[in-house]
Amino acid sequence: MSLIYVLNGPNLNLLGKRQPHIYGHETLADVEADCRRLASELGHDIRFHQSNREYEIIDWIHEAREDGAGIVINPAAFTHTSVAILDALNTFEQPVIEVHISNVHKREAFRHHSFVSHRADGVIAGLGTEGYQLAIRRVASLITSAGKK
Ligand code: DQA
């Protein structure tokens, strides 16, 4: 059993209440429950976190260096601003999948650039909260193929 970190950036605590026409009606607690269910089906454990503070996300990435087999991250607005989160992810040597609930490329130009994409092994955008499930499946399959090497 491996440990997958699922990290969420600012304002995602308001998921379900915040601009539901963009982000949908599911809450972050719903997303967490779905992630836990899928991870256990796939034989993995997850550590699920959200913070509005950049340093906390960085600290969780550092923690994942010790015991994480992969990271699924929705950095939210930090996607477009944070070299510090990119630098932290660059210290992590296991799979990283970046998730955005909305299709950031269909939105304002400032959302089109992602610092995190410079490191991510894959990026999912615009598939709603289902994107988290797909990201966990991908991390799990990368963990399995790394184990076979
Ligand atoms: C987001 C997209 C970001 O541009 C935005 O700042 C968010 C959420 C998404 O999941 O679609 O907070 O990462």
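Give me the pairs: first residue in segment 111-126 and under 18 Å from ARG138 (Cα atoms), second residue within 11 Å of the ligand (Cβ to nearest atom) and aromatic (Phe, Trp, Tyr), beta-carbon distance under 9 Å, and six or more apart or on different chains, which are they?
Final answer for the pair search is VAL116/PHE78; ILE124/TYR132.
Identify all residues within segment 50-76 that are open to solvent by less than 20 Å² (accessible area, probe 1.4 Å) and either farther than 17 Å from PRO95 by Cβ or within 16 Å of the ligand (Cβ to nearest atom) (or both); write none if there are none.
SER51, ILE57, ILE71, VAL72, ILE73, ASN74, PRO75, ALA76
Looking at segment 112-134, is at least one residue at pLDDT below 95 and among the basic types (Lys, Arg)?
no
Name the residues in segment 81-107 that are in a helix (DSSP H, G or I) and either touching a helix residue (DSSP H, G or I) at 6+ places or on another chain (Cβ under 9 Å) or open to solvent by 80 Å² or more (accessible area, probe 1.4 Å) (or both), would you?
Correct list: ALA84, ILE85, LEU86, ASP87, ALA88, LEU89, VAL104, HIS105, LYS106.
Does VAL99 satisfy the criteria of being touching a strand residue (DSSP E or B) at 6+ places or on another chain (Cβ under 8 Å), among the hydrophobic types (A, V, I, L, M, F, W, C), within 19 Å of GLN19 (Cβ to Cβ) and within 15 Å of the ligand (Cβ to nearest atom)?
Here the answer is yes, as VAL99 does meet what is asked.
Return the only residue of ARG36, ARG47 being away from the ligand (no atom under 15 Å from the Cβ) and part of a strand (DSSP E or B).
ARG47
Determine, yes or no, whether ALA109 is over 28 Å from ARG37 (Cβ atoms), among the aliphatic types (A, V, I, L, M), out of contact with any Phe, Trp or Tyr (no Cβ under 7 Å at 6 or more places or on another chain) and at pLDDT 95 or above.
Spelling it out, ALA109 is indeed over 28 Å from ARG37 (Cβ atoms), among the aliphatic types (A, V, I, L, M), out of contact with any Phe, Trp or Tyr (no Cβ under 7 Å at 6 or more places or on another chain) and at pLDDT 95 or above.
Keeping to segment 108-149, report how many residues are part of a loop (DSSP other than H, G, I, E, B) and either in contact with an Asp or Glu (Cβ under 7 Å, 6 or more places away or on another chain) or open to solvent by less than 50 Å² (accessible area, probe 1.4 Å) (or both).
Within segment 108-149, residues that are part of a loop (DSSP other than H, G, I, E, B) and either in contact with an Asp or Glu (Cβ under 7 Å, 6 or more places away or on another chain) or open to solvent by less than 50 Å² (accessible area, probe 1.4 Å) (or both) number 6.
If I go through segment 1-23 residue by residue, how many of them are more than 26 Å from LEU89 (Cβ to Cβ) and open to solvent by less than 30 Å² (accessible area, probe 1.4 Å)?
The number of residues fulfilling the criteria is 1.
Within 22 Å of SER2 (Cβ to Cβ) and of a type in the set (Lys, Arg): which single residue out of ARG107, ARG137 fits that description?
ARG137
The values are calculated or read from the model by the stated rules, or taken from the named source; none is laboratory data. Bear in mind that the values here come from a model prediction, so they are computed numbers and not experimental data. Quick reminder, even Gly has a Cβ in these numbers, built from the backbone with ideal geometry, and neighbours come from all protein chains shown. To get the accessible areas, we keep the full protein, side chains included, count just its heavy atoms, and leave off ligands, DNA and RNA. Shrake-Rupley method; radii C 1.70, N 1.55, O 1.52, S 1.80 Å.
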